[in-house]
Each structure stands twice: as structure tokens, then as C-alpha cells.
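The values are calculated or read from the model by the stated rules, or taken from the named source; none is laboratory data. Fair warning: this is a prediction, and the values are worked out from it, not measured in the lab. Don't worry about glycine lacking a Cβ; one is built from the backbone with ideal geometry, like all the others, and counts go over all protein chains shown. Only protein heavy atoms, including side chains, enter the accessible area calculation; ligands, DNA and RNA are left aside. Shrake-Rupley method; radii C 1.70, N 1.55, O 1.52, S 1.80 Å.
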Amino acid sequence: MDGFKSAKEAFEFVKTNHPELQAIWDGMKANPEERRKENRERIGVDWRKGSDISSAEFASKFGSRGVEFGNWVNAQERQNSVNEAYDAFMDLSGVTGISPNALSLNGELGFAFGARGSGKFNAHYEPGKVVINLTKTRGAGSLAHEWWHAIDNYFSRARGIKDSYLTDNPRQRRAPDGSPDNSIRIEMIEAFKGIISAIDHSKLRQRSLVLDRTRSEAYWSTTIEMAARC
């Protein structure tokens with residue numbers, strides 16, 4: 001609200017219009033639901049031929065360094081989670097043209113199902129542990145998003161920066177002696193720059209800034225999050 005001639009006038013307005021102002025503020029904080037409460041039934045290639053996949057088979061197929069489960073995930077939920085994540089990863093392999101075994105990023109990526117924290121998020125990626133955690137209800141539907149965070153972090157770690165992401169600085173760095181840092185191929189850096197350029201030439205950043213209006217710290221409008229959502 002603006003247009004007040006003095007602070008006193010503004011404070012008087014707040015006192016006499018508090019319910020209306022509160023309703024406006026609550027409306028600004030109400031972000032649109034981007035996901036359904038449950039994943040829809042998947043329709044696609046039957047990668048598993050109707051069979052269940054064990055955690056060992058999952059790790060072997062995708063070259064993962066390991067699979068972890070939360071204590072509250074029962075046997076049937078574990079099986080469903082692994083099956084859905086398997087299908088999701090095989091779909092991702094088909095879409096990207098990357099072999100399934102390469103999706104674990106040289107075997108560095110681990111997976112957890114309902115094992116590493118809780119909260120409102122369907123899934124999250126931990127750069128310090130290099131692990132994707134998926135919830136039991138909707139995690140598989142967020143796998144590609146979290147895998148992007150993982151590969152973004154993977155290339156940053158190639159530079160020796162553990163808890164960072166290449167989208168934050170998609171430029172070729174210089175070594176202390178002034179020579180080019182070739183830890184990441186220039187073609188890959190240019191590809192990441194192209195993604196950021198496409199975002200900047202869209203209206204995604206403006207829309208994301210609107211969603212961040214009521215947050216104390218930016219989330220939706222961070223380059224890392226916008227890139228993963230794209």
C-alpha cells in the first residue's frame with residue numbers, strides 16, 4: 001500500500017484496515033500448486049516387464065553407489081518406490097539419450113527413499129552427500145528435477161567446488177598461472193550458458209520474482225532452481 005502523506009497516516013490505516021491488509025498478505029503468500037497430491041498412473045514402456053526391481057538391481061542398472069531407505073518405509077512401500085524410480089530413470093535415459101549406467105554420474109550419485117529428512121518437498125538433492133532423496137508418495141515424479149541439480153553440482157565439483165552449481169557461474173575459469181581451467185570442456189560450459197540465456201530471454205524470472213515477494217530469501221527466482229524447473 002502506498003500514497004500516504006506521513007508515517008502516522010500509514011499506521012492509522014493499518015489499525016483501521018488490518019483484516020483487509022492481512023487478507024491481501026495471505027493471498028500474496030499463497031503459491032500455486034505445481035504438483036498433484038499423488039502421482040498419476042504412469043503410462044509408458046514396461047521397462048520391468050511387470051517384475052519388481054530389487055535395490056541391488058537398481059544400483060547395478062544405473063551404476064549408483066548405493067540405495068538407502070528410511071525406517072518408516074515398510075517393505076511394500078520400499079518396493080513401490082524402487083519400481084517407480086526405476087521406471088522414471090529409464091524414461092529419463094530414453095529422453096536424454098544417456099545410457100542408464102551413466103545417469104549416476106560416474107557412480108558418485110546415491111539414492112535414498114524417505115530416509116533423509118522430511119517436510120513439504122517431494123524430493124531434494126544433497127550436494128554434500130551427493131544423494132537424491134525421494135519421498136514415498138510423489139518422489140518419482142520429481143526425479144528428473146533432482147537429477148538436474150545433481151548434474152549441475154557434478155560439473156561444479158569437477159572444478160573442486162563441492163557445494164556449488166555450474167549454473168551459478170557457467171564460464172571458463174583461469175588457473176592461478178593465468179592458463180585456462182580445462183576441468184570442464186568448453187562445449188559443456190557453453191551448453192550451460194545457453195540454458196541461462198534462454199531463461200533470461202523468457203518471462204520465467206519475472207514470474208519467479210513474484211512468487212518470491214513474501215519470502216525472506218529468494219528460492220523460486222534463483223538461477224539454480226529456475227534451471228532445474230526448466
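So the values come out like this:
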{"read-out": "Out of Asn71, Asn31, sole residue that is within 15 Å of Leu134 (Cα to Cα), open to solvent by 50 Å² or more (accessible area, probe 1.4 Å), of a type outside the set (Lys, Arg) and not in a helix (DSSP H, G or I)", "value": "Asn71"}
{"read-out": "Of residues in the stretch 163-175 being open to solvent by less than 40 Å² (accessible area, probe 1.4 Å) and not aromatic (Phe, Trp, Tyr), the one farthest from Thr222 (Cα to Cα)", "value": "Ala175"}
{"read-out": "Conditions (1) at pLDDT below 90; (2) more than 21 Å from Asp212 (Cβ to Cβ); (3) open to solvent by 60 Å² or more (accessible area, probe 1.4 Å): number failed by Val45", "value": "(1)"}
{"read-out": "Failed condition for Gly178, given (1) more than 22 Å from the chain's Cα centre (by Cα); (2) open to solvent by 60 Å² or more (accessible area, probe 1.4 Å); (3) farther than 20 Å from Glu108 by Cα", "value": "(2)"}
{"read-out": "Qualifying residues in the stretch 140-162 (those that are farther than 18 Å from Ser104 by Cα and touching a residue at least 12 places away in the same chain (Cβ under 8 Å)) - the one most open to solvent (accessible area, probe 1.4 Å)", "value": "Gly160"}
{"read-out": "Qualifying positions in the stretch 48-59 - assigned to a loop (DSSP other than H, G, I, E, B), open to solvent by less than 80 Å² (accessible area, probe 1.4 Å) and under 24 Å from Ala102 (Cβ atoms)", "value": "Arg48, Ser51, Ile53, Ser54"}
{"read-out": "Filtered residue count, the stretch 181-230, keeping only those that are touching a residue at least 60 places away in the same chain (Cβ under 8 Å), open to solvent by 80 Å² or more (accessible area, probe 1.4 Å) and in a loop (DSSP other than H, G, I, E, B)", "value": "1"}
{"read-out": "Cβ pairs under 7 Å, 6+ apart, first in the stretch 51-70 and touching a residue at least 12 places away in the same chain (Cβ under 8 Å), second open to solvent by 50 Å² or more (accessible area, probe 1.4 Å) and part of a loop (DSSP other than H, G, I, E, B)", "value": "Arg65/Glu108"}
{"read-out": "Lone unmet requirement of (1) under 15 Å from Leu134 (Cα atoms); (2) open to solvent by less than 20 Å² (accessible area, probe 1.4 Å) for Phe62", "value": "(1)"}
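Yes/no per residue for (1) modelled with pLDDT of 85 or more; (2) over 19 Å from Asp87 (Cα atoms):
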{"position": "Gly3", "(1), (2)": "yes, yes"}
{"position": "Phe13", "(1), (2)": "yes, yes"}
{"position": "His18", "(1), (2)": "yes, yes"}
{"position": "Ala23", "(1), (2)": "yes, yes"}
{"position": "Asp26", "(1), (2)": "no, yes"}
{"position": "Asn31", "(1), (2)": "no, yes"}
{"position": "Glu38", "(1), (2)": "no, no"}
